[in-house]
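Here is the structure we will look at, set down as structure tokens.
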Amino acid sequence: MAIDYNKHYQTCVEAVKSEGRYRVFANLERKAGDFPRAIYRPKDGEARDVTIWCNNDYLGMGQHPKIIAAAREALENSGAGAGGTRNISGTTRYVVELEESVADLHEKEAGLVMSSGYVANEGALGTLGKLLPDCAVFSDELNHASMIHGIKDSKCEKFIYRHNDLEHLESLLKSVDIKRPKIIAFESVYSMDGDISPIKEVADLAEKYNALTYLDEVHAVGVYGSRGGGVAQERGIMDRIDVIEGTFGKGYGAMGGYIAAKASIVDAVRSYSSSFIFTTALPPVVSAAARAAVEHLKVSGIEREAVRRNVTLLKGMLDDAGLPYMKGDSHIVPLIVGEPTCCKDLCDILMNEYNIYVQPINYPTVPKGTERLRLTATAAHSIDDVKFLAETLQDLWFNHHALSAVA
């Protein structure tokens, strides 16, 4: 009997719904000049203003006048699209300038811009591992899916170490011949747990066991460091990291990803990575916006100070209320709910009754039983915004009939 394709896929979707982890996307229109406010347009009902609490535009750069002006100028000068891949259609000056900007940001010889942070990780790790003969890759167990994808594409032998566990990492490194090529791949800020990795100590192990270091700073660039270069810059150890990967889609408020490293490494990825070679380049409007954001945050610390103020206030109020958030050192605040249906119900109540938009984070993004709200207090939130969120969460957590059982 022939398979009913539609019925089969519908059954797959129903399985997700039955587990309480079906994702519903909110139709939002961000308001330039008024972020984190946005217009929510439900299918049924009138449009209304909501406040966003789960956005990765940590510094509000997506609405910054400098960034908008740079994007507008590039759009008027060069039009909307890039016209194709860089190998066929050429490289616009906007991308060249952006690559020079990120190389300078991280104090590396060269930079390479790709279409997204995901593509940068997948393309770079897949290529670097593949080009090293008999390479072994050591990967933190909580690394992003894009890193896992790249490591898988490299076809290297993979060793997974327990999250931020230096002893376990060293035991795995010891098990491999010291002369064998190695890559240690890890992140600075882990976005679902809100913690920060021991970068210096990982670099020490890399030096001891002859390994190349690959650091994903996507949730840190712009937000940390004297010039926005990330946690490695803030801790004064960028020179000990061989490859730094970042994104323009979070702290910089635009789109796209990149790596920064020695020129030989960057050129190898440029020459061999299918993800880079066969993907349409970033359009001028996006490249110009990203560069303007990077350059602005090299000299402005106002936005970083505002994030620290708001995060400190939010964590303090959650502490006072006794709410169970994961107490990492970063600007990301994961509030643990621990049950998928309740997690979604809480988000629905916040949206429908309080005009607070936050998405539930459920399996498979996080392990079952650790479902959470991933709260991001941005530079654009006001102190009143933070207080309203914290007070609302406290009231719902302990007083709402649908949630009190979990609390």
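Shape of region 24-67 from its Cα gyration tensor (a ≥ b ≥ c, root eigenvalues): rounded if a/c is under 1.5, otherwise prolate when a/b > b/c, or oblate?
In terms of gyration-tensor shape, prolate.
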Quiz item: In nm, what is the difference between 0.36 nm times the number of residues separating Asp4 and Ile277 and their Cα-Cα distance?
Solution: 94.5 nm
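What part of the accessible area of region 117-169, given as a whole %, is carbon or sulfur when the probe is 1.4 angstrom? Intermediate results must be reported in sequence, preceding the final value.
On the way: 1320 of 2380 Å².
Carbon and sulfur together cover 55 percent of it.
Relative to the Cα centre, what is the charge dipole magnitude of region 285-390, using +1 at the beta carbon of each Lys and Arg, -1 at the beta carbon of each Asp and Glu, and rounding to the nearest 20 debye? Present the calculation step by step, with values, prior to reporting the outcome.
Working: 12 positive and 13 negative charges, 84 e Å.
That gives a dipole near 400 debye.
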Self-check item: Rounded tilt (10° steps) of 199-208 against the dominant C-alpha axis of the chain
Solution: 30 degrees
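Of all accessible surface on region 53-114 at a 1.4 Å probe, what whole percent is carbon and sulfur? Before the final figure, lay out the partial values.
Working: 1350 of 2790 Å².
Answer for region 53-114 is 49 percent, counting heavy atoms of protein chains only.
Order Ile178, Ile199, most accessible first, counting only protein heavy atoms with a 1.4 angstrom probe.
Working: Ile178 80, Ile199 0 Å².
Listed by decreasing accessible area, they come as Ile178, Ile199.
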Quiz prompt | Residues listed by number, region 34-76, amide nitrogen under 15 Å from Phe388 label point at 7 Å toward C-beta | solution = 34-40, 48-54
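If you stretched the chain out fully between Ile178 and Glu201, how much longer would it get, using 0.36 nm times the residue separation minus the C-alpha to C-alpha distance? Before the final figure, lay out each step's value.
Values: separation 23, 0.36 × 23 = 8.28 nm, distance 1.81 nm.
Computed gain between Ile178 and Glu201 is 6.5 nm.
Using a/c under 1.5 as the rounded threshold, could you call region 1-152 rounded, prolate or oblate? The axes a ≥ b ≥ c are square roots of the C-alpha gyration tensor eigenvalues, and prolate needs a/b larger than b/c, oblate otherwise.
Numbers: a/c = 1.85, a/b = 1.10, b/c = 1.69.
Taking the square roots of the gyration eigenvalues as a ≥ b ≥ c, region 1-152 is oblate.
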Self-check item: Computed FRET value (nearest 0.05) for Lys43 with Thr11, which takes r as the C-beta separation and R₀ as 35 Å
Solution: 0.90
Quiz item: If you take every DSSP beta bridge whose two residues both sit in the chain, what share of them, in percent to the nearest 5, is antiparallel?
Solution: 60 percent
Quiz prompt | Spatially proximal lysines relative to Lys31 (Cα-Cα < 18 Å; intrachain offsets below 8 disregarded) | solution = Lys66, Lys250
Quiz item: How large is ³J(HN,Hα), in whole Hz, for each residue of region 20-34 in order, when computed from phi with the Karplus curve 6.51 cos²θ - 1.76 cosθ + 1.60 and θ = phi - 60°, using x for Gly and Pro?
Solution: x, 10, 6, 8, 10, 8, 7, 7, 10, 10, 5, 10, 4, x, 9
Self-check item: Degrees, to the nearest 10: 263-272 long Cα axis against longest axis of the chain
Solution: 80 degrees
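Quote the FRET efficiency, to the nearest 0.05, computed for Asp239 versus Arg93 with a Förster distance R0 of 35 Å and r equal to the Cβ-Cβ distance. Walk me through the numbers before you get to the answer.
Working: r = 29 Å, r/R0 = 0.83.
For Asp239 and Arg93, the calculated efficiency is 0.75.
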Quiz item: Heavy-atom accessible area per residue, the chain, 1.4 Å probe: how many Å²?
Solution: 45 Å²
Self-check item: Over the chain: helical MRE at 222 nm, DSSP H runs n ≥ 4 each giving -39500 (n - 2.57), nearest 500
Solution: -13500 deg cm²/dmol
Quiz item: If we sort 108-121, 249-262 on the protection proxy, mean other Cβ atoms within 10 Å, highest first, what's the order?
Solution: 249-262, 108-121
Practice problem: Sort 211-218, 336-343 for me by packing, meaning the mean count of neighbouring Cβ atoms within 10 Å per residue, highest on top. | Solution: 211-218, 336-343
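Using only the heavy atoms of the protein chains and a 1.4 Å probe, how would Val16, Val24 rank by accessible area, largest first?
Numbers: Val16 40, Val24 85 Å².
From most accessible down to least: Val24, Val16.
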Quiz item: How much of the accessible area of region 225-336, in percent, comes from carbon and sulfur atoms when a 1.4 Å probe is used?
Solution: 53 percent
Quiz item: Of Leu313, Gly301, Phe278, which is farthest on the positive side of the dipole of the chain, counting Cα position, with +1 on Lys and Arg Cβ, -1 on Asp and Glu Cβ, and the Cα centre as origin?
Solution: Phe278
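What FRET efficiency would be calculated for the residue pair Arg309, Asn77, taking the C-beta separation as r and a Förster radius of 22 Å, to the nearest 0.05? Let's see the in-between values first.
Details: r = 38 Å, r/R0 = 1.71.
The pair Arg309/Asn77 has a calculated efficiency of 0.05.
The values are calculated or read from the model by the stated rules, or taken from the named source; none is laboratory data. No experiment lies behind these values; they were computed from the predicted model shown. Cβ atoms come from the backbone with ideal geometry, glycine included; neighbour counts cover every protein chain shown. When the accessible area is computed, the model is the full protein with side chains, heavy atoms only, and any ligands, DNA or RNA have been set aside. Shrake-Rupley method; radii C 1.70, N 1.55, O 1.52, S 1.80 Å.
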